[in-house]
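Trainee: Sharing a structure, written as C-alpha cells. Questions coming.
The values are calculated or read from the model by the stated rules, or taken from the named source; none is laboratory data. Given the structure is predicted, the values throughout are model-derived calculations rather than measurements. Quick reminder, even Gly has a Cβ in these numbers, built from the backbone with ideal geometry, and neighbours come from all protein chains shown. With ligands, DNA and RNA removed, areas are computed over all heavy atoms of the protein, side chains included. Shrake-Rupley method; radii C 1.70, N 1.55, O 1.52, S 1.80 Å.
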Amino acid sequence: MFGLHYNLERSAVGLVAFIVLVASIGGLIEIAPLFTINETVEEAPDMRVYTPLEVAGRNIYIREGCYACHSQMIRTLRDEVERYGPYSLAVESSYDHPQLWGSKRTGPDLARLGNKYSDAWHTIHLNNPRDVVPESKMPAYRWLLREQLHTDDLGEHLAALRAVGVPYTDEQIANAPLDAYGQANPDSAAAGGVAERYGDATNIRLFDGEATRLTDMDALVAYLQVLGNLTDAAHQPQPEAE
Amino acid sequence: MIADLTRAERLWAMLILGALGLIGLAMAIGGRNDLLGIHGWIVLAAGLAGFIAVMRGRDAPEPGAERLHEYYDAPTRVGLILTLLWAVVGMGVGFWVAALLAWPDMTFDVPWLSFGRLRPVHTSGVIFGFGGNALIATSFHVLQRTTRARLPDQISPWFVLLGYNLFCVIAASGYLMGLTQSKEYAEPEWYADIWLVVVWVVYFAIYMRTLARRKEPHIYVANWYYMAFILVVAILHIVNNLAVPVSLGSAKSYSLFSGVQDAMTQWWYGHNAVAFFLTAGFLGMMYYYLPKRAGRPIFSYRMSIISFWGITFMYMWAGSHHLHYTALPHWVQTLGMAFSVVLLVPSWASAGNALLTLNGAWHKVRDDAVLRFMALAAIFYGITTFEGSFMAIRAVNSLSHYTDWTIGHVHAGALGWVAMITFGSLYSIVPSMFKRERIYSQKLVEVHFWLALSGTVIYVFAMWNSGVIQGLMWRTYTESGGLTYSFIDSLVAMHPYYIARAFGGLLFLLGALTALYNVVMTIRMPAPAPAPEDAGLDIPAKPALQAGE
C-alpha cells in the first residue's frame, strides 16, 4: 500500500484525480438520496407559500443577520417541544430558499413564533427590545420603522423563487407589489386580492400600526407572524420526542 | 512589483485590469437601483487603480533573465502583510461583536454597526481574510521550495492574491450593507462567488504548472494538503452556492436548494470549510514549517499518508453532525456521527506526527517562541479534534448544540490551532522573505506568544462554562415536571462569561497587533550587506541544525 503511494505521489494528475474521487464519496452518499427518497419530506397538502410582504420580511431577517442568534429548528427533544412547541418537520421549510435553521441560540428559537405575540409587541420589541424585555441582549432595530419598504421588484423576487421550485402563479407574480401593500393595509382596495390569491388564513393587518406607508417593520413583523403557520402538519399526531 | 513583470506581462496586466474595470462599470450601471451598483463602483475603482499603477510603471526596465534562477517571493511578501492586516481587522471586529453581546446598546442606531451585520465581517475577516491570505502566501513559498521550481510566471500569483483580496473586500463591505446569502461561511452573494471561482481556477493552475516543472520527483506531503485544500474548497464552494439571482441588476439571489436538502448541503459545506480550509491547508503549513524550524525530519512518512487520506475521505461525511435531532433523516445523522468519531484517528495521527517530530528538539521549543507557537498549535489541534469527535456524538450534541460550547470549540481550533500555526510560520519566514538577518524583536514574539495563549485559554474556558450552563438550564425540570428556567434566565446567566470572552479576545487581538508592529519594524531594519555567495538564497533565521547535533 505504501509502495503504491510512493508512485502516486510522483504524479500530480494522479493525486488530483484521487483527491477528487475520495472526497466526493461522502457527499454523494449523504446528499444525493435526500432529493430522491420520498420519505425525506412529509406530505402537507395545506402548505401555503409566503406572500410578497412575507418574502420581503424574510429578506430583511436575512439582511440583518437574525439567523446568527435565532434558530428555526425545534429538535425532537422533550424540553424543546415543551419550550417552543411541536418539533419542526422537513416540509415546513420546503419553500425556504435557503433554509434558516440556524446553528446558535443566543436568543430563543423562532420556528413557532407566529401569532405568539401581538403585532404591537413585535413592533415595540424590534424598535428597542429592552422596552419589553429589560434583560435582552438583542440590538435595537430602530431603522425598521424609518425605512420605506422597496416593493417594486417583488415580482422579480417571486419569479426567481418560482425558478427554484416555489409554486407561485403568474397572477401572484404580476400583483406582487400591490399585494404587499394590501396585506399591510386591510382597509385599502388592494387587501381583497391578497386573501383571494393567498388564502383566507393570510394575516392582513396594520403590522407596524401605521396605515400611511409600508415600512421594513411591516414586512418583518408579517414574516415573524407567519413562522410555523405555513402548514398545520406539525400539529398532526407525530412520533413522540425523546 | 510592476518592475518584476516582463513587458508582455505588463500588457496582460493592463488588459486584465481594464477588463475588471469594465465589469465594474457594467455592474455599476446595471445595478444602479440596487446595492449591486455600489459594489460595481468598488470593482471599477480597483480595476482603474491597478490599471493606472501598471501604466505608470510600464516603462521600467525589464527584469533580467537571472530572475529565473530565483524563487518568486514578492507575492508571498505582500501576502504576509495582508495576512496581518486582515488579522487585525477580523479579530478587531470579533472583539467588538463580543462586546456587543455584553453591552448591546453600543449599536448606536447605525444599521451597519449592528451585531447581525458585523458578525460575518468577523468570521469572514478571520477565516478568509486572515486564514486565506496566510494560505496563499505560504503555499507559494512552500510550493517553490519543495519542488525546487519557480512559480510559472509573474502575473498569475498577483492575480490570485489581489483578486482574492478583492473578493474579501466585496464580501465584508456587502455584509455591512446587508448583502448576505445567510449561509454561514458562504455569505457572499452570487457575483462574488463567481469571481472567487475564477480566482480559484487560476490558483489551481499555478499549482499544476509549477508541479509540472518540478525538479523533485516526489510531491512533498505539504503540497498534498495544499492541493486538497484548493480542490475540495472549489467543489464545496460551487455546489453550496448554486443560486438563481433575482436579475442581473440585483445583488440578491435565491439558493437552488431549500429546507432539509439545503441544510444538509450547507453543513456538508460548512463542516468541510473547517476541514479543507481551516485544517488541510494549515496542515500543509505545519508539515513544512514545523520540521524546518525544529531542524528535524517528519517523524513518520506512513502516518502522514494515513492521516492525509483519512482526513480527505472521512471529513466529507461528517457535516450531518451539525443537524442531530433535526428534520434531517436519522440515517444521515448516524452516518455523520460515526464518521466524526472515526475521524479522530487521522486527526491524531497528524497531531502526533507533529509532536513526535519535535522529539529531540524540545529544548528549542523551550527557547524559541516561534517553534513554541507551532508546537502549541499541534497540541490545540489534538485537543480540538478530540472535542469535535466528542461533540458529534448524538447524546453530547443534544446538550452542546445551539449553545456557546460550539463557539468555544470553534475558537479552540481557530485561535489555538489555525492562528498559532500561522503566526509560527509567519515569524519563521518573515526575516528571510524580507532579507533581514532576524526578526526585529524576539522579546515581542515572546510577548505575543503569551498573549495568544492566555487569550485563547480565557476565551475557551469562558465559552465552555457558558455553553454547558446554558445547555443544562434549558433542560432542567422542577420536581413538578415543568421547565425550571425561562429562556431569559439562561441569557442573564451568560453575562459574566460574555465579558470574560471579550477580554480573552482582546488579549488575542493585542497579540496580533504586536505581530504587525514587529513585522513592520523588521522590514524597516536596514538590510544586511549581501555576502556574494549568498545572493539569491534564503538567509535562514537560524542555522537549520545546531552545532553538535
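Trainee: Report whether or not A:Ile60 is more than 30 Å from B:Val396 (Cα to Cα), touching a residue at least 12 places away in the same chain (Cβ under 8 Å), touching a Phe, Trp or Tyr at 6+ places or on another chain (Cβ under 8 Å) and of a type in the set (Val, Ile, Thr).
Mentor: Yes; evaluated as a whole, the condition is true for this residue.
Trainee: Determine whether A:Lys137 is surrounded by fewer than 22 Cβ atoms within 10 Å (Cβ to Cβ) and either away from chain B (no Cβ under 11 Å) or more than 20 Å from the chain's Cα centre (by Cα) (or both).
Mentor: For A:Lys137, the condition - surrounded by fewer than 22 Cβ atoms within 10 Å (Cβ to Cβ) and either away from chain B (no Cβ under 11 Å) or more than 20 Å from the chain's Cα centre (by Cα) (or both) - is not met.
Trainee: Which condition number in (1) more than 30 Å from A:Met73 (Cα to Cα); (2) open to solvent by less than 10 Å² (accessible area, probe 1.4 Å) is the one that B:Glu437 fails?
Mentor: Unmet for B:Glu437, out of (1) more than 30 Å from A:Met73 (Cα to Cα); (2) open to solvent by less than 10 Å² (accessible area, probe 1.4 Å): (2).
Trainee: Still on this structure: Test each condition in (1) surrounded by 21 or more Cβ atoms within 10 Å (Cβ to Cβ); (2) not assigned by TED's automatic domain parsing to the domain that holds B:Trp450 for B:Ala502 and report the one that comes out false.
Mentor: (2)
One line per residue, one yes/no per condition, for (1) of a type outside the set (Val, Ile, Thr); (2) part of a helix (DSSP H, G or I); (3) open to solvent by 30 Å² or more (accessible area, probe 1.4 Å):
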{"residue": "A:Val16", "(1), (2), (3)": "no, yes, no"}
{"residue": "A:Val20", "(1), (2), (3)": "no, yes, yes"}
{"residue": "A:Gly26", "(1), (2), (3)": "yes, yes, no"}
{"residue": "A:Ile29", "(1), (2), (3)": "no, yes, yes"}
{"residue": "A:Glu54", "(1), (2), (3)": "yes, yes, no"}
{"residue": "A:Ile74", "(1), (2), (3)": "no, no, no"}
{"residue": "A:Glu82", "(1), (2), (3)": "yes, yes, yes"}
{"residue": "A:Tyr95", "(1), (2), (3)": "yes, no, yes"}
{"residue": "A:Leu110", "(1), (2), (3)": "yes, no, no"}
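Trainee: Considering only the range A:151-172, state which residues are within 19 Å of the chain's Cα centre (by Cα), open to solvent by 20 Å² or more (accessible area, probe 1.4 Å) and more than 9 Å from chain B (Cβ to nearest Cβ).
Mentor: Listed by number, the residues that qualify are A:Thr151, A:Arg162, A:Pro167.
Trainee: Report every pair of residues separated by at least 6 positions or lying on different chains whose Cβ atoms are under 7 Å apart, first residue within the range A:1-20 and at the interface with chain B (Cβ under 7 Å from one of its Cβ atoms), second in a helix (DSSP H, G or I) and not aliphatic (A, V, I, L, M).
Mentor: A:Phe2/B:Arg302; A:Leu15/B:Trp224; A:Ile19/B:Thr312
Trainee: Now, a different point. Of all residues in the range B:178-219 being without any contact (Cβ under 8 Å) to a residue 12 or more places away in the chain and in a loop (DSSP other than H, G, I, E, B), which is most open to solvent (accessible area, probe 1.4 Å)?
Mentor: If we take residues in the range B:178-219 being without any contact (Cβ under 8 Å) to a residue 12 or more places away in the chain and in a loop (DSSP other than H, G, I, E, B), then B:Pro217 is most open to solvent (accessible area, probe 1.4 Å).
Trainee: If you go through the range B:129-142 one residue at a time, do you hit one that is more than 14 Å from every other protein chain (Cβ to nearest Cβ), touching a residue at least 60 places away in the same chain (Cβ under 8 Å), part of a helix (DSSP H, G or I) and surrounded by fewer than 21 Cβ atoms within 10 Å (Cβ to Cβ)?
Mentor: Within the range B:129-142 (the criterion being more than 14 Å from every other protein chain (Cβ to nearest Cβ), touching a residue at least 60 places away in the same chain (Cβ under 8 Å), part of a helix (DSSP H, G or I) and surrounded by fewer than 21 Cβ atoms within 10 Å (Cβ to Cβ)), the answer is no, since none of the residues qualifies.
Trainee: Right, another one. Out of A:Asp187, A:Asp179, which single residue is touching a helix residue (DSSP H, G or I) at 6+ places or on another chain (Cβ under 8 Å) and either at pLDDT 95 or above or not in a helix (DSSP H, G or I) (or both)?
Mentor: Unique residue meeting the criteria: A:Asp179.
Trainee: Would it be correct to say that B:Leu358 is surrounded by 24 or more Cβ atoms within 10 Å (Cβ to Cβ) and in contact (Cβ under 8 Å) with a residue 60 or more places away in the chain?
Mentor: no
Trainee: Taking the range B:143-170, which residues are part of a loop (DSSP other than H, G, I, E, B) and small (Gly, Ala, Ser)?
Mentor: Listed by number, the list holds a single entry, B:Ala149.
Trainee: Quick check on the range B:161-177. Is at least one of its residues within 11 Å of chain A (Cβ to nearest Cβ) and open to solvent by less than 20 Å² (accessible area, probe 1.4 Å)?
Mentor: Checked against the condition, which is being within 11 Å of chain A (Cβ to nearest Cβ) and open to solvent by less than 20 Å² (accessible area, probe 1.4 Å), the range B:161-177 yields at least one hit.
Trainee: Given B:Thr422, B:Thr384, B:Thr406, which one is among the β-branched types (Val, Ile, Thr), open to solvent by less than 10 Å² (accessible area, probe 1.4 Å) and either in contact with a strand residue (DSSP E or B) (Cβ under 6 Å, 6 or more places away or on another chain) or part of a helix (DSSP H, G or I) (or both)?
Mentor: Result: B:Thr422 is the single residue among B:Thr422, B:Thr384, B:Thr406 that is among the β-branched types (Val, Ile, Thr), open to solvent by less than 10 Å² (accessible area, probe 1.4 Å) and either in contact with a strand residue (DSSP E or B) (Cβ under 6 Å, 6 or more places away or on another chain) or part of a helix (DSSP H, G or I) (or both).
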